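Just below is one structure, and these are the notes that go with it.
The values are calculated or read from the model by the stated rules, or taken from the named source; none is laboratory data. Worth saying up front: this structure is predicted, and the values here are computed from it rather than measured. Cβ placement follows ideal geometry from the backbone for every residue including glycine, while neighbour counts extend to all protein chains displayed. All accessible areas refer to the heavy atoms of the entire protein, side chains included, with ligands and DNA or RNA removed. Shrake-Rupley method; radii C 1.70, N 1.55, O 1.52, S 1.80 Å.
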Amino acid sequence: MNEINQDAAGPLAGLGSLVEVGGPVVAILLGMSVVALTVILAKLWQFARLRLGDRRSLDAALDHWEAGRAEAALEVLAGSRSPAARVVERAMGGCMDAQMSEALLREEVARLAGDWLETLRGQFRTLEVIGSLAPLLGLLGTVLGMISAFQALEAAGSQVDPAVLSGGIWVALSTTAVGLAVAIPVVAVLNALERWLERFRHRMQDAVTRVFTLRCAAAPVRNAPARLHPVSGEDAPGGGRQDDRIRASGHGD
């Protein structure tokens, strides 16, 4: 039992000694690492919960939409938790609404997509700040440590002990190591998250474009009333040709 307690206390003791050696700069860096880890885990959970990588639902819905089965497409999208499904669902619903113009619908879909992307980018700025400041704080700790080491060397006067200088340099460089150890994984994970979000944005934009090009552009043509050809006088919805109606009205020969 005592061995287990000692093993559990080992990392904590190591962190305590590191803070004691590095001073307040290391303490700040360790706090930043805890914040960064919390943000990363929260973003991974958010992305997994919203299924940003879900492509099957979009592909199935677009296949239904292309085949003219709009209700089936909306049903597939309703069962998906992906934000892309919400955006595509809005685009399809607007295309089915004859009273909404395509220009207004595109604006609404772009607004909704922008809101989702802004939500998904949340806390990215925090990771960017930590990734940028951690090396600088480590460098600051190194400079402060070097200043302390040379002050101790000056105070020793003629009785210079090399161990004093080497020990001070070791303590100073440890802060730079901690700063880099915090910044490198944060920057790597941030780039991976941004790439994940960029792929999601591309899939969402592609799906919305397919909705408009497959059906929405043709919807006004199908729903619009038929018109007479100005030259050939094709049949009107009520039957009869244009020249027949002219003669019936008494304005013909």
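Measuring nothing but protein heavy atoms, the accessible surface of region 70-150 at 1.4 Å probe radius is 61 percent carbon and sulfur. When each of the peptides 87-93, 29-35 is scored by the mean number of other C-beta atoms lying within 10 Å of its residues, the order from highest to lowest reads 87-93, 29-35. With protein chains left intact and a 1.4 Å probe, residues in region 19-106 average 53 Å² of accessible area per residue. Straightening the chain between Val129 and Trp196 buys 22.1 nm, computed as 0.36 nm per residue apart minus the Cα-Cα spacing.
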